[in-house]
Amino acid sequence: MPQPLNKTGSAKKDRKKKVAHEVRELLTIFLYLAFFFCALVTYSMLLLKEHHVTYLTSYAFAVINALVVAKVILIGDYMHLGKKYEARPLLQSAVVKAFLFSLLVLVFHIVEEVIKRMVHGADIASASRDIRIEELLARILVVFCTFIPLFGFRELRRVIGEEEFNSLVFRSPEARQAKSPH
């Protein structure tokens, strides 16, 4: 006969569920971003190929960037970034969160660029001065545009619940009706 779970067993089970949820969340965000970032690399390569310019950025860079940005999004979630806008209309909440999380990604990219330059021997003043801010702002504009549908779906999931959202997105209408108690 199985023994009842004690508080420690229950806490471990809850922790495992939370870790599994976090991994699924990271993987979902990563796959979404990797799709878009790889599409941008493909577009850039094709566009520059027409002008006989070799494009040095690879799909590996896009995939690594997607993983880093996905982790930054989870960090923003832990910071409750944009939480106070959740009482607003869904579209407004999604766009505001997309904007705020884009700013967070921009900050991480700036810090990353400064650290890279300092590793290569620059002092903090010249490392900061040498950042190509126009390029970073252009990249963040693309990230913001990519984030709008991402946060739209995340906000919809928050409002209707994860189970209902998954049912709506991943199941056919027939399967949803068969599962429905009505």
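The values are calculated or read from the model by the stated rules, or taken from the named source; none is laboratory data. Just so it is clear, the model here is predicted, and its values are computed rather than measured. Cβ coordinates were reconstructed from backbone atoms using ideal geometry, including for glycine residues, and neighbour counts include every protein chain displayed.
In table form, for the structure just shown:
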{"read-out": "Subset tally (residues that are in a helix (DSSP H, G or I), surrounded by 11 or more Cβ atoms within 10 Å (Cβ to Cβ) and not hydrophobic (A, V, I, L, M, F, W, C)) for segment 55-99", "value": "10"}
{"read-out": "F170 aromatic (F, W, Y) and more than 26 Å from Q92 (Cβ to Cβ)", "value": "yes"}
{"read-out": "Helices (runs of 4 or more DSSP H) contained in segment 115-181 and holding at least 2 residues over 26 Å from L33 (Cα atoms) and of a type in the set (D, E, K, R)", "value": "173-179"}
{"read-out": "Top-ranked residue in segment 24-62 [being β-branched (V, I, T) and at pLDDT 95 or above; ranked as nearest to I148 (Cα to Cα)]", "value": "I29"}
{"read-out": "Lone qualifier among V107, V114, V143 - being touching a residue at least 24 places away in the same chain (Cβ under 8 Å), hydrophobic (A, V, I, L, M, F, W, C), assigned by TED's automatic domain parsing to the domain that holds R158 and out of contact with any Cys (no Cβ under 9 Å at 6 or more places or on another chain)", "value": "V143"}
{"read-out": "Residue in segment 41-54 that is more than 20 Å from I140 (Cα to Cα), surrounded by 13 or more Cβ atoms within 10 Å (Cβ to Cβ) and more than 11 Å from the chain's Cα centre (by Cα) present", "value": "yes"}
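Residue-wise test of (1) touching a Phe, Trp or Tyr at 6+ places or on another chain (Cβ under 7 Å); (2) hydrophobic (A, V, I, L, M, F, W, C); (3) on the phi < 0 side of the Ramachandran plot; (4) surrounded by 11 or more Cβ atoms within 10 Å (Cβ to Cβ).
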{"site": "T146", "(1), (2), (3), (4)": "yes, no, yes, yes"}
{"site": "L150", "(1), (2), (3), (4)": "yes, yes, yes, yes"}
{"site": "R158", "(1), (2), (3), (4)": "no, no, yes, yes"}
{"site": "N166", "(1), (2), (3), (4)": "no, no, yes, yes"}
